[in-house]
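One structure below.
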Amino acid sequence: MKTLTEIVMPKLAESLVSATIDRWLKQPGDTISMYEPICEVITNKVNAEIPSTVEGRLVSILAKDGEDVPVGAPICVIEAIDESAGAGSTAPVTSAASTQPAAGEESDIPVEGDMRGRYSPAVQRIAAEHGVDLQLVRGTGLGGRVTRKDVLAYAASGQPKATVAAEAVKDATVKTEKAPLRTTGLHLSETPRIPQIEVESEIPGRGEYFIDITPIRNAIARNVKQSVTEIPHAWMMIEVDVTNLVQLRNKLKDEFKKREGVNLTYLAFVLKAVVNAVKDYPIINSTWATDKIIVKRDINISLAVGTEDSVATPVIKNADQKNIAGIAHEIDDLARRGREGKLTLSDMSGGTLTVNNTGSFGSILSYPTIVYPQAVNLTFESIVKRPVVINDMIGVRSMANMCLSLDHRILDGVICGRFLQRVKENLESFSIDTKLY
């Protein structure tokens, strides 16, 4: 017996009202196992897979790629299989496990399952540059996904190259050259550069070309528009003397790297200074509601982490309960998984205020957009040496700007000025004797 079942958009997060279909992993006519991913969706700047709740055959797709679908709305129809029916009552369904090699078993057979066609733009670009047929590459990423390292390793192994069609794709791709950035400052990205932009086509005879809007870029656009439309932004800046902090980090960073295996960044100290200031001014850690202001007890800091084609804001939860060493580990983990595209919805949810390390790409002054529905976004700019007057004498000090965007419905200049002053005091109070644990 066969039953038609509608699969609806699930509520992947507490505040989620809709999600955008990124791509379909199954097409009409494909057989589907229970809990097998059928499509990828984008929400809060991350990808998530929607699994099938039944076993059967995909009959029709109701939501196209790039379509924004409300929670609870149907996205496809699956012809479910009644397992109690006879063997001849329905078409056979291939088990997902039967298409995979046994654990530890090597296989030269191209993957024919879920991963076919699910390649990131970076993987496709590298494959085109090296003439590699992605159908022949064995993926080692999450769920068998093909990564850039897989493509490069395959190309270096001297395996068969791609067909002429792949070469044609390579020639048709127009891309910008890499533009190197400055090498000073803290870099959360593994390779400091302006990301490459891939263009599908170019209009002959005109000095312009078109770039398709990706679902991730579309999600960023919606979030930014909502922020600047609903939140009245105001802006403040303060200058901080971080000379002692520079000396402290230079003293501890090598030993910390050997002991902990992660970098001791300036950002770890900045976050500690910020959370201690939030304890003194809890209204900073709030959000605007229709008839009230909600002050959050947990201090969960959203970090702005740049990837090749977007910006993600993973969250350090309960940051006030962590010491400097613990914060450094959190920064390293979130930044690494952000670069690898392995952030989850849980990683991205629950932030109560945002700190952005704009100094990592050389900025000395910025006007950050508040992450909706938070109340503030604070940036830490580049550390530069400047002449400073101290006790009527001029000295060279390591200085950094901190810029704050605030929700003027909740906060005013007086309270934010005091908050920034407290952050400044906390940063300048670090000394050579400060403990990390």
Kindly provide the set of residues from segment 15-70 that are acidic (Asp, Glu) and under 19 Å from the mean Cα position of the chain (by Cα), ordered by number. Asp22, Glu40, Glu49
Anything in segment 8-32 that is over 26 Å from Asn223 (Cα atoms), surrounded by fewer than 18 Cβ atoms within 10 Å (Cβ to Cβ) and polar (S, T, N, Q)? List them, or say none. Gln27
Taking Thr354 and the conditions (1) over 16 Å from the mean Cα position of the chain (by Cα); (2) not in a helix (DSSP H, G or I), which numbered condition does it fall short on, given that it satisfies the others? (1)
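Given the criteria surrounded by 13 or more Cβ atoms within 10 Å (Cβ to Cβ), out of contact with any Gly (no Cβ under 6 Å at 6 or more places or on another chain), among the hydrophobic types (A, V, I, L, M, F, W, C) and not assigned by TED's automatic domain parsing to the domain that holds Met237, does Leu404 qualify? It would help to see each step written out before you state the result.
Numbers: surrounded by 13 or more Cβ atoms within 10 Å (Cβ to Cβ): yes; out of contact with any Gly (no Cβ under 6 Å at 6 or more places or on another chain): yes; among the hydrophobic types (A, V, I, L, M, F, W, C): yes; not assigned by TED's automatic domain parsing to the domain that holds Met237: no.
Here the answer is no, as Leu404 does not meet what is asked.
Within segment 272-311, which residues are assigned to a loop (DSSP other than H, G, I, E, B) and hydrophobic (A, V, I, L, M, F, W, C)? Even if it seems obvious, please write down each step before you answer.
Quick first cut of segment 272-311, residues assigned to a loop (DSSP other than H, G, I, E, B) only: 281, 285, 289-292, 296-300, 304, 307-310.
The answer is Ala289, Ile299, Ala304.
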Is one or more of the residues making up segment 279-293 aliphatic (A, V, I, L, M), surrounded by fewer than 17 Cβ atoms within 10 Å (Cβ to Cβ) and touching a Ser or Thr at 6+ places or on another chain (Cβ under 7 Å)? yes
Give me the residue from segment 359-373 that is crowded, with 21+ Cβ neighbours inside 10 Å and outside any loop (DSSP other than H, G, I, E, B) and, out of that set, modelled with the highest pLDDT. Gly359
For segment 1-91, which fully contained strands (runs of 3 or more DSSP E) count at least 2 residues that are modelled with pLDDT under 90 and farther than 19 Å from Thr214 by Cβ? 2-8, 74-81
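The values are calculated or read from the model by the stated rules, or taken from the named source; none is laboratory data. These figures come from a predicted structure and were not determined experimentally. Note that we place each Cβ from the backbone using ideal geometry, even for glycine, and neighbour counts take in every protein chain shown.
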